[in-house]
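The values are calculated or read from the model by the stated rules, or taken from the named source; none is laboratory data. Remember, it's a predicted structure, so these values are computed and weren't measured experimentally. All Cβ positions, even for glycine, are placed from backbone atoms using ideal geometry, and neighbour counts span all protein chains on display. Only protein heavy atoms, including side chains, enter the accessible area calculation; ligands, DNA and RNA are left aside. Shrake-Rupley method; radii C 1.70, N 1.55, O 1.52, S 1.80 Å.
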Amino acid sequence: MSEKSTSNVSFDYLTFNEAHLFTVVCLPKNRGPFPTVIMRSPYVDEEQNLSEEEICQRKLSEYKVWLENGFAVVFQHCRGRGKSSGDCIPYIFEREDGLFLQEWIRKQPFYNGELYLYGRSYNSSVHFVTAPFSEDIKGAVLEVQDSERYNCNYRNGFYKMGLHGNWYVNMYKKKSMPKKNYTLDSFNMLPLLDFSKKVFGESVKDFDEILKHPDRNDDFWKTRYGGGEAHDATKNANIPILLVTGFYDIYTGGVFDMWNSLDKDTKSKSALVVHPFNHSCDGENQPINFEGGNVSATFENYPVKWLKSIRLKEEPPFKRGKVTYYKLFADMWCCDDFCDSAESLTITLGKGEKSFEYNPDTPTTFKGGLSANFGGNAWQEKFDSNSDVITLYTPEFEQDTFVKGKMKAKLKVKSDSADTCFYIRLSLCKKEGDYGLRDDINQISNFCNTYPMNTEIEMDFSFDEHAFVIKKGEKLRIDISSSAFPLYVRHTNNKGLFSEQTTSKKAVNTVILDKSFLSLPIK
């Protein structure tokens, strides 16, 4: 279809690989050519039934600040979403479609030789997969997602049904297959490798292959289905990149890993910003709406200002080479290297031992995905003393204590099963309730290939980075269980690949408290 134009906005359907990709071009009113910002999104369902002209006017208003600052904006509906045709299969077509759009822009009269990448969540992943970045890409703002596909799917071999699982079902063939045979309990089916056939009515190879590869070190994660195209996408990019995450985002740890892996030159040009909220980047539906914590309100138009600072050699909105982060319960923004603390506080979990029966058919429910699943934070519920959760409390803190970095725990455990798992969740006990901090999950087979049942074994747990103050008189709560529904797929208490298990069984799991401890990095 030929390009349609209205004033300084136009649209076109770019034909590529049997799909027509709806694309809007917004230009500043002054004479070009212009530096061009690329945005691509699948989250455009509400625009599907609008006219092209209506969408164009929306985009003119939405990108007003970009245009006023001299940037052209090219926005595209991802394949199979909104007004773009084809099938939406998450990630699979994004590299070719993204590179095709870049090449199309390079041929346009408005293009001045400078491209910039902007996106949030999946809308940043569509840029990661186009790495290594071409020489005309001069900078990027990539928010609330990291480039390693493993982190989207797994934590220590446990499939994140509360992140990738639910999301993938909703995304897959959104237009051509709007209804699926799906409920949350679908992830409890055995074997789980039957999931795609039963939910989608067809085999979905990329999804099925993900379920077969829970090991982070498996070469699968370097293939297309494993997100290999985006692997280490920014590590040696050598362009100024603004990374944004939240302490209760779904990719917090992965974004910190990405930041820490940047080569020296790239990091010196770049910045990391960490707000106190969840994936939506604000305090809505979170237990506490921290004052000044909304990064978009406190640092108004920071994506535009970041890219503008690259072009005009101006001061950026965030200090380059540093981490700008919100210090929770001190209610202030800080800026430093966010290095690991040399000092730590070790707290033993108690005396004696405690046991519970874990039944995979009735997994325990926890509220809030914290930093690894959707849902952010939530006030934590109290558990009945007869439940399959051990709840422990630290002594009250005698002075205000600033915890900054990666908290860790070591559990000495035993089980009457050849393999099982332990889940640990930390919360801060406030007057208003118990405020979730972090969680982690791990299985015995990650520490011992052949576990002699009912023998003691040490298991390590590591929690994503955080920065918060424990006030004098407050204490921490530690919940230990063997499941966390609807966040992680349940462990069946059988050894072997989780997705191939056809049965589940009960297990009696025990924590030896006086040989288990929590370690806090303190400043």
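Observations on the structure shown:
- Whole-number D in µm² s⁻¹ for the range 1-135, Kirkwood Cα-pair radius fed into Stokes-Einstein, 4 °C, 1.567 mPa s: 87 µm²/s
- Mean Cβ count within 10 Å, highest first, over the residues of peptides 462-472, 255-265: 462-472, 255-265
- The range 380-523 has equivalent-ellipsoid semi-axes of 29, 16, 14 Å, by the square roots of 5 times the alpha carbon gyration tensor eigenvalues, sorted largest first.
- Alpha-carbon centroid distance for the pair the range 149-205 / the range 397-458, whole angstrom: 27 Å
- Whole-number accessible area per residue in Å² for the chain, which is evaluated in the context of all protein chains at 1.4 Å: 40 Å²
- FRET efficiency estimate (nearest 0.05) - Cβ-Cβ, SER51 to ILE92, R0 30 angstrom: 0.55
- Links that overshoot a 29 Å alpha carbon limit, given the list LYS59/LYS180; LYS179/LYS205; LYS174/LYS406: LYS59/LYS180; LYS174/LYS406
- Geometric descriptor of the range 228-372, per residue, is 187 Å³ (volume of the convex hull of the Cα atoms).
- Remark on the range 135-259: Rg and Dmax equal 16.2, 49 Å (Cα only).
- Contact order, relative form, for the range 1-148: 25 percent (alpha carbon pairs under 8 Å, 6 or more residues apart, mean separation divided by residue count).
- Only Lys, Arg (+1) and Asp, Glu (-1) charged, at Cβ; the range 77-166 dipole about Cα centre in debye: 300 debye
- The chain: proportion of alpha-carbon pairs further apart than 47 angstrom, %: 13 percent
- Mean Cα-pair separation over length for the range 417-462, i.e. relative contact order, pairs under 8 Å, 6 or more apart, %: 38 percent
- On full extension, the segment bounded by GLU291 and LYS222 gains 20.7 nm, given 0.36 nm per residue less the C-alpha separation.
- Computed from the Cα positions only, the extents of the range 304-362 along the three principal axes stand at 63, 36, 20 Å, in decreasing order.
- Whole-percent carbon and sulfur share, accessible surface of the chain, 1.4 Å: 46 percent
- Evaluated at q = 0.23, 0.27, 0.31 Å⁻¹: base-10 log I(q)/I(0), Debye formula over Cα of the range 130-176: -0.90, -1.00, -1.13
- Under 18 Å from LYS351, Cα to Cα: aspartates and glutamates that are on another chain or at least 8 residues apart: GLU396, GLU456, GLU458, ASP479, ASP514
- Aspartates and glutamates whose Cα lies under 14 Å from that of LYS222, excluding same-chain neighbours fewer than 8 positions away: GLU148, ASP206, GLU209, ASP232
- DSSP-defined beta bridges in the chain - what % are antiparallel, rounded to 5: 70 percent
- All Cα pairs of the range 389-459, percent lying beyond 15 Å: 63 percent
- Stretchable slack from GLU202 to ARG58, in nm (0.36 nm times residue separation minus alpha-carbon distance): 48.1 nm
- Comparing the range 190-281 with the 2.2 N^0.38 Å rule of thumb, its C-alpha radius of gyration ratio is 1.39 (two decimals).
- For SER371, residues with placed amide H under 5 Å, excluding near neighbours: ASP439
- Net charge of the neighbourhood of ASN494, taken over other residues with C-beta under 12 Å away and scored Lys/Arg +1, Asp/Glu -1, is +2.
- Near LYS430, the amide H atoms lying under 5 Å from its own belong to TYR435; only residues 5 or more places off or on other chains count, and H is placed 1.01 Å from N.
- Reducing the range 316-355 and the range 29-90 to their Cα centroids gives an inter-centroid distance of 38 Å.
- Within the range 238-292, all pairs of alpha-carbon atoms sorted by distance into 10 Å bins from zero give the percentages 25, 43, 24, 7.
- Between LYS431 and GLU396, the contour length at 0.36 nm per residue exceeds the Cα-Cα span by 11.3 nm.
- Between the beta carbons of LYS354 and ALA418, assuming R0 = 30 Å, the FRET efficiency works out to 0.90 to the nearest 0.05.
- Packing order of peptides 108-119, 280-291, highest average first: 108-119, 280-291 (average count of other Cβ atoms within 10 Å over each peptide's residues).
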